[in-house]
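Q: If you scroll down you'll find the structure; I have some questions about it.
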Amino acid sequence: MTSPYDDPKFSYLKYWDSRNYEHLSEIIAINRLVKSNKYHSSVDLGGGYGRLIPTLVQFSNRSILIEPSIKQRKIAQGILKNYSGVEILPGNAQQTNLPDNSADLVLVVRVMHHLPDPDLAFQEIYRILTHEGVLLLEFANSINIKARIRSLLSGHPILLTPLERRSKSNIRLHTIPFVNHHPRTILRKLNKAGFTVTETFSVSNFRSPFLKKVIPLPILIFLEKISQKILSPFYFGPSIFILAHKS
């Protein structure tokens, strides 16, 4: 099946041109969650053109980019050609085509918003992780602070909604879902799949066109660094990062 990210009229590279804050926020979260740990084999699952591979290679001897889009894999081949120990393979979250117990670390960022029901993906990740493997998962948060304010003003009980379908904005991806997940639903499904969650971060806490326009990027990044852990118990931000271990 052709991936919507193969659409010649849509550039995922350009999508990130105005998102330096979001990009750096995610790198901060990854670095802080992985810490100084080293892994033999890591997988960036659904990693697009390899945006996070330069971060991932710092923690592993061998890094595998799994991506369903032919177009994104071709772009990744050019961007990542100077990185050693990197493989670019076809596959998706439900079917990676990797052997059992073959990955020490699996990174899943900006993939969950395409999966209304992530159960099969969690099962697949569990299968490919080694006995003491680690999952670093990001998902779009349905009860972020903006959603709660909208809920309060409208009277819509969003806090009780396990899944929220989002608008597709101006992105030309009309054949796949865009969804936000309730944190409790994700935690429950991870537990059901056999994972133990050890850390949670609230990420991109100041994602706002207005704030990005009026506050210099270095200040936003400083605020992001000090807020990710502090705000995590409140599921404040639009993006939640979870570190989970295979039980």
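The values are calculated or read from the model by the stated rules, or taken from the named source; none is laboratory data. Everything numeric here is computed off the predicted structure, so don't read it as measured data. Cβ coordinates were reconstructed from backbone atoms using ideal geometry, including for glycine residues, and neighbour counts include every protein chain displayed.
Q: Return yes or no: is residue 136 out of contact with any His (no Cβ under 7 Å at 6 or more places or on another chain) and closer than 16 Å to residue 59 by Cβ?
A: yes
Each row is one residue, and each column tells you yes or no for (1) among the β-branched types (Val, Ile, Thr); (2) farther than 27 Å from residue 6 by Cα; (3) exposed (fewer than 14 other Cβ atoms within 10 Å of the Cβ); (4) in contact with a strand residue (DSSP E or B) (Cβ under 8 Å, 6 or more places away or on another chain).
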residue: 78; (1), (2), (3), (4): no, no, yes, no
residue: 94; (1), (2), (3), (4): no, no, no, no
residue: 138; (1), (2), (3), (4): no, no, no, yes
residue: 153; (1), (2), (3), (4): no, yes, yes, no
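Q: Still on this structure, please answer the following. If I ask for residues that are under 14 Å from the mean Cα position of the chain (by Cα) and assigned to a loop (DSSP other than H, G, I, E, B), which ones from segment 96-110 would you list?
A: Once the filter is applied, which keeps residues that are under 14 Å from the mean Cα position of the chain (by Cα) and assigned to a loop (DSSP other than H, G, I, E, B), segment 96-110 yields 109, 110.
Q: Still on this structure, please answer the following. When segment 180-214 is examined, which residues are found to be aliphatic (A, V, I, L, M) and either crowded, with 17+ Cβ neighbours inside 10 Å or over 14 Å from residue 22 (Cβ atoms) (or both)?
A: 186, 187, 190, 193, 197, 203, 214
Q: Related question: Give all pairs with beta carbons closer than 8 Å in which a residue from segment 106-131 that is in contact (Cβ under 8 Å) with a residue 40 or more places away in the chain meets a residue that is charged (D, E, K, R) and in a helix (DSSP H, G or I); count only pairs at least 6 apart in sequence or on separate chains.
A: From segment 106-131, the pairs are 109/26; 118/189; 119/189; 119/192; 122/189; 122/192.
Q: In segment 68-119, which residues are among the acidic types (Asp, Glu) and at pLDDT 95 or above?
A: 87, 100, 104, 119
Q: How many residues are in a loop (DSSP other than H, G, I, E, B) and either in contact (Cβ under 8 Å) with a residue 60 or more places away in the chain or touching a His at 6+ places or on another chain (Cβ under 9 Å) (or both) when one looks only at segment 68-81?
A: Of the residues in that region, 2 qualify.
Q: How about segment 215-225: which of its residues are in a loop (DSSP other than H, G, I, E, B) and surrounded by 14 or more Cβ atoms within 10 Å (Cβ to Cβ)?
A: The one that is in a loop (DSSP other than H, G, I, E, B) and surrounded by 14 or more Cβ atoms within 10 Å (Cβ to Cβ): 215.
Q: Go through (1) of a type outside the set (A, V, I, L, M, F, W, C); (2) more than 20 Å from residue 191 (Cβ to Cβ); (3) assigned to a loop (DSSP other than H, G, I, E, B) one by one and return the number of the condition residue 113 breaks.
A: If we test residue 113 against (1) of a type outside the set (A, V, I, L, M, F, W, C); (2) more than 20 Å from residue 191 (Cβ to Cβ); (3) assigned to a loop (DSSP other than H, G, I, E, B), just (3) comes out false.
Q: Also, I was wondering about something else. Any chance you could count how many residues in segment 226-247 are more than 12 Å from residue 25 (Cβ to Cβ), touching a Leu at 6+ places or on another chain (Cβ under 8 Å) and either buried (at least 17 other Cβ atoms within 10 Å of the Cβ) or of a type in the set (Phe, Trp, Tyr) (or both)?
A: Of the residues in that region, 4 qualify.
Q: Just give me the residues in segment 1-44 being farther than 21 Å from residue 140 by Cα and of a type in the set (Asp, Glu), in sequence order.
A: Matches in segment 1-44: 6, 7.
Q: I need a count of the residues in segment 155-179 that are buried (at least 16 other Cβ atoms within 10 Å of the Cβ) and either in a helix (DSSP H, G or I) or at pLDDT 95 or above (or both).
A: Qualifying residue count, segment 155-179: 1.
Q: Just to be sure before I move on: is residue 25 more than 28 Å from residue 217 (Cα to Cα) and either surrounded by 21 or more Cβ atoms within 10 Å (Cβ to Cβ) or β-branched (Val, Ile, Thr) (or both) in the structure I sent?
A: no
Q: Name the residues in segment 13-33 that are part of a helix (DSSP H, G or I) and either touching a Ser or Thr at 6+ places or on another chain (Cβ under 6 Å) or more than 25 Å from residue 90 (Cα to Cα) (or both), would you?
A: Matches in segment 13-33: 20, 21, 22, 24, 25, 27, 28, 29, 30, 31, 32, 33.
Q: Taking the stated definitions as given, is residue 223 in contact with a helix residue (DSSP H, G or I) (Cβ under 8 Å, 6 or more places away or on another chain) and under 16 Å from residue 26 (Cβ atoms)?
A: Criteria not met by residue 223.
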